[in-house]
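Below: one structure, written as structure tokens.
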Amino acid sequence: MQTDRYSLFALLREAMRGNTGWKPAWRKAAPAPAYDYVIVGGGGHGLATAYYLARRYGGQRIAVVEKGWIGGGNVGRNTTIVRSNYLLPGNEPFYECAMKLWEGLEQDINYNAMVSQRGVLNLFHNDAQRGAYIRRGNAMRLHGVDAELLDAQAVREKVPFLNFDDARFPIRGGLLQRRGGTVRHDAVAWGYARAADRLGVDIIENCEVTGIRIEGGRAMGVETTRGLIGAGKLGLACAGNSSRVAAMAGLRLPIESHVLQAFVSEGIKPFIDCVVTFGAGHFYISQSDKGGLVFGGDIDGYNSYAQRGNLPVIEDVCEGGMALMPRIGRVRLLRHWGGIMDMSMDGSPIIDHTPVQGLYLNAGWCYGGFKATPASGLCFAHLLARDEPHPVATAYRLDRFARGAVIDEKGMGAQPNLH
Ligand SMILES: Cc1cc2nc3c(=O)[nH]c(=O)nc-3n(C[C@H](O)[C@H](O)[C@H](O)COP(=O)(O)OP(=O)(O)OC[C@H]3O[C@@H](n4cnc5c(N)ncnc54)[C@H](O)[C@@H]3O)c2cc1C
């Protein structure tokens, strides 16, 4: 008998029989000629969409088509931070929906995704920033989301290793969301893939979409490196490759693709028990359960589809780290890598129909889409199943750029590289 459900009992049973009964986490599905729903992109968002479609909306005959392998895209490349500390009414309910789904995710999908609500602390360094964080914290609380303003002394007690005393940008306090934290990124991909597979979803890896078949203004299916796959409804969840894939249907998206890098140091003893973001430069840091410091900063600043970064941003991120916590200079950098970000013009995502009938779009996640994964999947599944937006995603329309109804969370204007 093969072991299907993960539990303490299953662990003990497999320990007794030499771990011979574990089932592969998901089948290696071959493409069928047609499905009711085809999702392009086997990242976190595509897999979560397939899962919720099958689980909550009774969807059947669902396929996820992935050009590489599960976990090879941004879902396995990010710095694992989840939070719902947003300001604008278009965003906050959506990200809080995601946070609530994170809180029950492991039980829901029967997978240890290492959800760790260790807290996210955004530091501020001057009065203007303090004012902005008070406003943000109040907006969060008005939406029923936890937010605490810490003064400098409280920050010092929580994270005493920062540079408080002779810093160029003295730390005045911080906005803390205790329910924020980290989730093991690739476990999210594997967990959703396994849970969707158990509900009958075909996860088709090594299958690149090379064209979108459109007849009479309606999307009929996708041409792939493994043949034509017919689709009743076609959903695109291709993150950094969204513009490329949408172009196959003749669409030009309000999205630019940029590289973002992440960094991991050698493992050291535990000393950071939350996520900390620097307010006077772009630098953020947490510590993995293996002891590595996980950190990152700004995007590389030019359009690219290359999943690797460049030296100037490595220098910039390390300077940010040194300014915030000079002791980081004694730690060796072990690895760094890049992912392609789908940067929208206003910094907020799109979950909507497209002008092509039967073709739906999930994109524009910028560098904050990991935290959105469960809600993005749920809302995209809702849209695909019911042809109407989920109540927490009503603002994420594609035509908002034409209507001037942008959701400019950072107040940067139509400048994708600044969001
Ligand atoms: C370095 C870095 C750090 C980040 N840190 C954070 C963070 O701390 N918190 C946070 O919230 N977000 C973070 N993000 C952003 C987050 O990872 C992304 O917004 C999110 O993962 C994107 O959604 P996804 O998981 O579906 O993307 P992906 O995993 O990239 O999935 C898209 C998939 O589409 C596939 N695809 C593309 N084209 C085709 C095609 N033609 N045919 C078939 N398949 C195709 C790709 O191979 C890919 O697997 C970070 C990103 C990076 C790169």
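The values are calculated or read from the model by the stated rules, or taken from the named source; none is laboratory data. Every value quoted in this text rests on a predicted model; they were computed, and no experiment measured them. Glycine gets a Cβ as well: all are built from the backbone with ideal geometry, and neighbour counts include every protein chain shown.
Let's see how each residue does on (1) under 21 Å from the mean Cα position of the chain (by Cα); (2) among the hydroxyl-bearing types (Ser, Thr, Tyr); (3) more than 13 Å from the ligand (Cβ to nearest atom); (4) buried (at least 24 other Cβ atoms within 10 Å of the Cβ):
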{"site": "Thr182", "(1), (2), (3), (4)": "yes, yes, no, yes"}
{"site": "Ile203", "(1), (2), (3), (4)": "yes, no, no, yes"}
{"site": "Thr210", "(1), (2), (3), (4)": "no, yes, no, no"}
{"site": "Glu215", "(1), (2), (3), (4)": "no, no, yes, no"}
{"site": "Glu223", "(1), (2), (3), (4)": "no, no, no, no"}
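Specify which of the listed residues (Gly368, Gly338) is free of Cβ contacts under 8 Å to residues at least 24 places away in the same chain and either out of contact with any Leu (no Cβ under 9 Å at 6 or more places or on another chain) or not β-branched (Val, Ile, Thr) (or both).
Result: Gly368 is the single residue among Gly368, Gly338 that is free of Cβ contacts under 8 Å to residues at least 24 places away in the same chain and either out of contact with any Leu (no Cβ under 9 Å at 6 or more places or on another chain) or not β-branched (Val, Ile, Thr) (or both).
When the residues of the range 123-133 are filtered to those that are of a type in the set (A, V, I, L, M) and either free of Cβ contacts under 8 Å to residues at least 24 places away in the same chain or touching a Pro at 6+ places or on another chain (Cβ under 9 Å) (or both), the one that is farthest from Ile285 (Cα to Cα) is Ala128. A search for C-beta distances below 8 Å between a residue of the range 321-335 that is touching a residue at least 24 places away in the same chain (Cβ under 8 Å) and any residue that is polar (S, T, N, Q) and part of a strand (DSSP E or B), counting only pairs 6+ apart in sequence or on different chains, returns Ile328/Ser265; Val331/Ser265; Arg332/Ser265; Leu333/Ser265; Leu334/Ser265.
Yes or no, residue by residue, for (1) farther than 26 Å from Ala113 by Cβ; (2) basic (Lys, Arg); (3) in a loop (DSSP other than H, G, I, E, B); (4) at pLDDT below 95:
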residue	(1), (2), (3), (4)
Trp337	no, no, no, no
Asp342	no, no, no, no
Ser348	no, no, yes, no
Trp365	no, no, yes, no
Gly368	no, no, yes, yes
Lys371	no, yes, yes, no
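For the range 350-363, which residues satisfy the criterion of being of a type in the set (Ser, Thr, Tyr) and in a strand (DSSP E or B)? Explain how you work it out, then say what you get.
Quick first cut of the range 350-363, residues of a type in the set (Ser, Thr, Tyr) only: 354, 360.
Result: Tyr360, single match.
Having 2 or more residues that are closer than 22 Å to Ile70 by Cα is the bar; report the strands (runs of 3 or more DSSP E) wholly within the range 207-313 that clear it.
Working: elements: 209-215, 218-224, 227-236, 255-267, 275-277, 284-287, 292-303.
So the answer is 209-215, 218-224, 227-236, 255-267.
Restricting Leu121, Leu150, Leu105 to those that are crowded, with 17+ Cβ neighbours inside 10 Å, at pLDDT 95 or above and more than 16 Å from the ligand (Cβ to nearest atom) reduces the list to Leu150. Is it true that Ile268 is farther than 30 Å from Asp4 by Cβ and either at pLDDT below 95 or surrounded by fewer than 21 Cβ atoms within 10 Å (Cβ to Cβ) (or both)? For Ile268, the condition - farther than 30 Å from Asp4 by Cβ and either at pLDDT below 95 or surrounded by fewer than 21 Cβ atoms within 10 Å (Cβ to Cβ) (or both) - is met. The set of residues in the range 69-89 being closer than 20 Å to Leu176 by Cβ, β-branched (Val, Ile, Thr) and outside any strand (DSSP E or B) consists of Thr79, Thr80.
Screening the candidates Val64, Val75, Val38 for the property of being within 19 Å of Asn206 (Cα to Cα), near the ligand (Cβ under 6 Å from one of its atoms), of a type outside the set (Ser, Thr, Tyr) and surrounded by 24 or more Cβ atoms within 10 Å (Cβ to Cβ) yields one hit, Val75.
Put simply, of Ser286, Ser344 the only residue that is surrounded by 22 or more Cβ atoms within 10 Å (Cβ to Cβ), under 19 Å from His258 (Cβ atoms) and polar (S, T, N, Q) is Ser344.
Of these, Arg386, Arg308, which one is closer than 30 Å to Pro270 by Cα, basic (Lys, Arg) and either within 13 Å of the ligand (Cβ to nearest atom) or modelled with pLDDT of 95 or more (or both)?
Values: Arg386 fails: closer than 30 Å to Pro270 by Cα.
None of the other options fit; the residue is Arg308.
Summed over the range 237-246, the residues that are near the ligand (Cβ under 9 Å from one of its atoms) and either in contact with a Leu (Cβ under 8 Å, 6 or more places away or on another chain) or basic (Lys, Arg) (or both) give a count of 3. Filtering the range 239-252 for residues that are at pLDDT below 95, more than 17 Å from the chain's Cα centre (by Cα) and surrounded by 14 or more Cβ atoms within 10 Å (Cβ to Cβ) leaves an empty set.
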